[in-house]
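This report refers to the structure that appears directly beneath it.
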Amino acid sequence: MIPTFHCADYLATTLRSVLAQAPGPDEMQIEVIDDASTQDDPEAVVDEVGGDRIQFVRQPEHVGHIRNFETCLQRARGQYVHLLHGDDFVLPGFYVALRRGFDSDPTIGAAFCRWMLVDDRSKCLSVVDPLQPAASPLADAAARLAEEQHIVTPSIAVRRSAFEQLGGFDARLHCAEDWEMWVRVAAAHRVWYEPTLLAAYRTHVDSNTGRHSRLGEELEYTRTAIAMIGDSLPPDRAPTIMRTARRTYASTALRNARTFAQLGDTEAVRAHLRAALRLSRSPHVLLAAARLLPHMGRP
């Protein structure tokens, strides 16, 4: 299920990555669900690349990415649902590897793989470290996934019955909604991990994360998501795990602030310093923030 909004320039790459390894229509449904794009023509891309193999559906009006995801989940007919953003892509072997995880144990609620970050030209910027050396269920999955976002949406498939049991993405989050969803799944089901690099997450200024990054809005949603994630964790472990997550993303905010300081963007420096301090007031965070104060400029 491929949600799109103003990303037709990347959509052909997305579709070809699926078609190159897709079984027939009796085994795999492929649909593009567009959130009423006005700046490009994703339907033309679907027609050119996918022909009759890919169905195109257009929202009657712009509903936002969370409701567009909801439409994807409602329309999905298969046992397993792969939400693949219209600007991301998968590598050969993705579906075979994740299906192997699901087939290994009926209690597996989701399966995900190692992934890479790419730019607007599909150039690899970084590859995440493997979480474990072999393909197998991820140990202590809910806790490990709650401490830090290890999954991007193109890298994971979820058993449809898990979505039906737990509900979809939380509309209170405009960023980090996927992180909260994956922890919720991991708290209720076993999760399979595939260490092979099989998915790509694209970063560019028009992506959902990109639109919320400069002034730290995504980190405010991260802070909200951490509080929500705590509700899915065992009460005796939740405070420690949530504190670790807040410190992790406070460090992210501080790194961002240092980057914007080098660019001379004092407004962004201030925004990310505020985000860091709202996430954590640990001695390490306070000291690092103090070192950045000269770069804040006048309020």
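Structure values in brief
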read-out: Residue list for the range 170-179, restricted to those being in contact (Cβ under 8 Å) with a residue 40 or more places away in the chain and under 14 Å from Val152 (Cβ atoms); value: Cys175, Ala176, Glu177, Trp179
read-out: Odd one out for Arg211, checked against (1) among the charged types (D, E, K, R); (2) under 21 Å from Arg172 (Cβ atoms); (3) surrounded by fewer than 17 Cβ atoms within 10 Å (Cβ to Cβ); (4) at pLDDT 95 or above; value: (4)
read-out: Meets criteria (within 25 Å of Asp88 (Cα to Cα), among the aromatic types (Phe, Trp, Tyr), buried (at least 17 other Cβ atoms within 10 Å of the Cβ) and in contact with a His (Cβ under 7 Å, 6 or more places away or on another chain)) for Tyr221; value: yes
read-out: Qualifying residue in the range 65-79 (condition: within 15 Å of Leu198 (Cβ to Cβ) and of a type outside the set (D, E, K, R)); value: no
read-out: Selected residue (criterion: surrounded by the most Cβ atoms within 10 Å (Cβ to Cβ)) from residues of the range 82-97 that are closer than 13 Å to Thr196 by Cα and among the aromatic types (Phe, Trp, Tyr); value: Phe94
read-out: The lone exception for Pro234 - which of (1) in contact (Cβ under 8 Å) with a residue 12 or more places away in the chain; (2) under 29 Å from Glu164 (Cβ atoms); (3) not assigned by TED's automatic domain parsing to the domain that holds Ala146 it fails; value: (1)
read-out: Residue identified as more than 20 Å from Ile241 (Cβ to Cβ), surrounded by 15 or more Cβ atoms within 10 Å (Cβ to Cβ) and acidic (Asp, Glu) among Glu180, Glu164, Glu147, Glu194; value: Glu194
read-out: Residue list for the range 249-277, restricted to those being within 22 Å of His150 (Cα to Cα) and surrounded by fewer than 17 Cβ atoms within 10 Å (Cβ to Cβ); value: Arg255
read-out: Filter result (among the aliphatic types (A, V, I, L, M) and under 11 Å from Cys113 (Cβ atoms)) within the range 80-95; value: Val90, Leu91
read-out: Count - residues of the range 29-56 that are closer than 19 Å to Ala76 by Cβ, surrounded by 17 or more Cβ atoms within 10 Å (Cβ to Cβ) and out of contact with any Cys (no Cβ under 9 Å at 6 or more places or on another chain); value: 8
read-out: Residues of the range 98-107 that turn out to be buried (at least 19 other Cβ atoms within 10 Å of the Cβ) and of a type in the set (A, V, I, L, M, F, W, C), as a count; value: 1
read-out: Checking Lys123 against (1) more than 14 Å from the chain's Cα centre (by Cα); (2) in contact (Cβ under 8 Å) with a residue 40 or more places away in the chain, the condition it does not meet; value: (2)
read-out: Pairs, first in contact (Cβ under 8 Å) with a residue 60 or more places away in the chain in the range 145-156, second of a type in the set (Val, Ile, Thr) and part of a loop (DSSP other than H, G, I, E, B), C-beta under 9 Å, six or more apart; value: Val152/Val128
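The values are calculated or read from the model by the stated rules, or taken from the named source; none is laboratory data. These figures come from a predicted structure and were not determined experimentally. FYI the Cβ positions are ideal-geometry reconstructions off the backbone, even for glycines, and counts take in every protein chain you see.
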